[in-house]
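Note sheet for the following structure.
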Amino acid sequence: MASRCWRWWGWSAWPRTRPPPAGSTPSFRHHLSTQEKTPQICVVGSGPAGFYTAQHLLKQHPQAHVDIYEKQPVPFGLVRFGVAPDHPEVKNVINTFTQTAHSGRCAFWGNVEVGRDVTVPELREAYHAVVLSYGAEDHRALEIPGEELPGVCSARAFVGWYNGLPENRELEPDLCCDTAVILGQGNVALDVARILLTPPEHLERTDITKAALGVLRQSRVKTVWLVGRRGPLQVAFTIKELREMIQLPGARPILDPADFLGLQDKIKEVPRPRKRLTELLLRTATEKPGPEEAARRASASRAWGLRFFRSPQQVLPSPDGRRAAGVRLAVTRLEGVGEATRAVPTGDMEDLPCGLVLSSVGYKSRPVDPSVPFDSELGVIPNVEGRVMDVPGLYCSGWVKRGPTGVIATTMTDSFLTGQMLLQDLKAGLLPSGPRPGYAAIQALLSSRGVRPVSFSDWEKLDAEEVARGQGTGKPREKLVDPQEMLRLLGH
């Protein structure tokens with residue numbers, strides 16, 4: 001069966017090796033010429049999209065070799081830096097990614113920034129195919145007056161801060177205010193609200209960073225409002241996250257029953273997941289809680305609420321103009337039906353006082369290299385089923401392919417599809433047929449530029465260090481957040 005697969009793909013069964021040493025024998029050279037026909041593929045980005053793409057390629061093609069490049073010294077992307085610390089079960093997918101990285105036909109190279117340390121054309125020269133899976137590293141700006149004021153930051157940066165993303169480690173959000181406003185009603189907005197309101201002792205046994213836990217212990221935030229332009233039927237969070245918020249220890253929900261008038265009839269036609277979610281919102285807003293739940297809510301010292309039909313127009317400054325003191329909101333109403341429902345302003349305004357504003361209106365990808373087509377409006381690489389438009393041999397998967405939507409399972413399906421397209425092109429002879437040097441060529445370039453890549457075994461040393469640091473305080477790990485310290489620990 002395996003030999004049939006090898007003939008089918010037209011590639012040799014020999015594993016890939018490094019170039020031969022000087023003075024190597026003719027028989028070694030003969031073997032190498034066969035070995036180099038192994039398809040060399042590189043994946044840019046080591047989050048779920050990158051690892052799932054690599055996994056599919058390795059599983060479906062028994063000779064393919066995949067190199068994964070990552071700009072951080074550590075792997076796993078949003079699984080490490082995006083998933084909330086109190087959701088450890090979601091991070092179990094790291095075990096699968098580690099298995100992929102341990103394959104003899106896979107290599108991880110961290111601390112390598114594509115577009116800076118090495119270009120996409122250089123990668124395309126070294127590999128038979130290149131897959132861009134670097135995700136959505138930026139946040140969408142609000143584009144309203146006052147968003148540059150101290151006290152305003154993106155939810156993405158806030159999540160990066162408490163999860164140990166190196167670029168956000170010095171964020172130092174000021175939590176000395178009573179009220180925080182989150183602009184957005186998706187899962188990230190709920191994550192941020194939950195972390196702000198969770199009693200710090202409930203976070204002590206998670207992998208939240210030491211610095212973030214220290215700031216949260218001193219937090220004075222008592223109320224968090226999540227603001228959305230549209231109504232209850234259009235919220236972007238899921239029922240699991242909503243249920244967690246409703247049951248959050250020490251916090252009570254504030255929902256206005258008036259926002260839910262007439263919804264009972266409308267939800268009959270909506271798909272089941274949306275129906276269940278809206279029914280839970282409706283019950284929470286309109287039904288009298290039982291004695292136990294009523295007592296829990298009455299004793300809660302913190303609260304969170306959903307403000308619907310409100311669109312941010314301006315971040316209001318404090319009297320001295322030095323920081324955020326509120327958000328001016330336009331009251332909206334809905335026009336259109338179904339997916340085409342839009343929020344349009346009614347002309348009314350209201351001001352919502354707060355000392356902290358977190359914008360959670362979406363992520364967006366950045367262009368990685370001038371040679372790669374990029375749609376700056378949609379924030380994606382133009383592609384057809386993962387094939388980058390007009391650039392043969394270049395592919396994309398994950399959020400940079402389809403936009404920042406969906407969960408890890410969605411990304412898995414999407415990445416497998418891109419991998420399948422690449423393998424179809426390989427079988428059809430649409431990729432370069434001659435041998436490609438792969439990492440050997442890139443390693444020489446990086447060395448000449450003073451870049452020291454971090455291997456997966458290097459990461460495992462850092463992983464062991466993090467776990468050891470966490471043991472003293474009963475945490476699963478204490479994350480390293482300074483890339484320079486990581487490199488020093490590795491002797492780089």
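The values are calculated or read from the model by the stated rules, or taken from the named source; none is laboratory data. Just so it is clear, the structure is predicted and the values come from calculations on it, not from any experiment. Glycine also receives a Cβ, built like all others from the backbone with ideal geometry; neighbour counts cover every protein chain displayed. Surface accessibility is based on the protein's heavy atoms, side chains included, excluding ligands, DNA and RNA. Shrake-Rupley method; radii C 1.70, N 1.55, O 1.52, S 1.80 Å.
Of the residues making up the stretch 363-378, just one is of a type in the set (Ser, Thr, Tyr), over 19 Å from Ala236 (Cα atoms) and open to solvent by less than 50 Å² (accessible area, probe 1.4 Å), namely Ser365. Checking the structure you have, find out if any residue of the stretch 461-483 is touching a helix residue (DSSP H, G or I) at 6+ places or on another chain (Cβ under 8 Å), in contact (Cβ under 8 Å) with a residue 40 or more places away in the chain, open to solvent by 20 Å² or more (accessible area, probe 1.4 Å) and hydrophobic (A, V, I, L, M, F, W, C). Looking through the stretch 461-483, at least one residue is touching a helix residue (DSSP H, G or I) at 6+ places or on another chain (Cβ under 8 Å), in contact (Cβ under 8 Å) with a residue 40 or more places away in the chain, open to solvent by 20 Å² or more (accessible area, probe 1.4 Å) and hydrophobic (A, V, I, L, M, F, W, C).
When the stretch 324-362 is filtered for residues that are at pLDDT 95 or above, part of a loop (DSSP other than H, G, I, E, B) and surrounded by fewer than 17 Cβ atoms within 10 Å (Cβ to Cβ), nothing remains. Only one of the numbered conditions (1) open to solvent by 10 Å² or more (accessible area, probe 1.4 Å); (2) aliphatic (A, V, I, L, M); (3) within 30 Å of His202 (Cα to Cα) is violated by Leu430, and that is (3). In the stretch 300-323, the qualifying residues are those that are in contact (Cβ under 8 Å) with a residue 40 or more places away in the chain, out of contact with any helix residue (DSSP H, G or I) (no Cβ under 7 Å at 6 or more places or on another chain) and not in a strand (DSSP E or B), and the one that is least open to solvent (accessible area, probe 1.4 Å) is Ala300. For the stretch 150-166, a residue qualifies if it is out of contact with any helix residue (DSSP H, G or I) (no Cβ under 7 Å at 6 or more places or on another chain) and surrounded by fewer than 18 Cβ atoms within 10 Å (Cβ to Cβ), and exactly one does: Pro150. Checking each residue in the stretch 99-132 for being more than 25 Å from Gly434 (Cα to Cα), of a type in the set (S, T, N, Q) and buried (at least 17 other Cβ atoms within 10 Å of the Cβ) picks out Thr100, Asn111. His56 meets the stated requirement of being open to solvent by 20 Å² or more (accessible area, probe 1.4 Å), farther than 26 Å from Arg488 by Cα and in contact with a Gly (Cβ under 8 Å, 6 or more places away or on another chain). With a requirement of 1 or more residues that are closer than 25 Å to Ile408 by Cα and over 26 Å from the mean Cα position of the chain (by Cα), the helices (runs of 4 or more DSSP H) lying completely within the stretch 223-289 that satisfy it span 272-286. Does Asp414 fit the bill of being buried (at least 18 other Cβ atoms within 10 Å of the Cβ) and under 22 Å from the mean Cα position of the chain (by Cα)? It is true that Asp414 is buried (at least 18 other Cβ atoms within 10 Å of the Cβ) and under 22 Å from the mean Cα position of the chain (by Cα).
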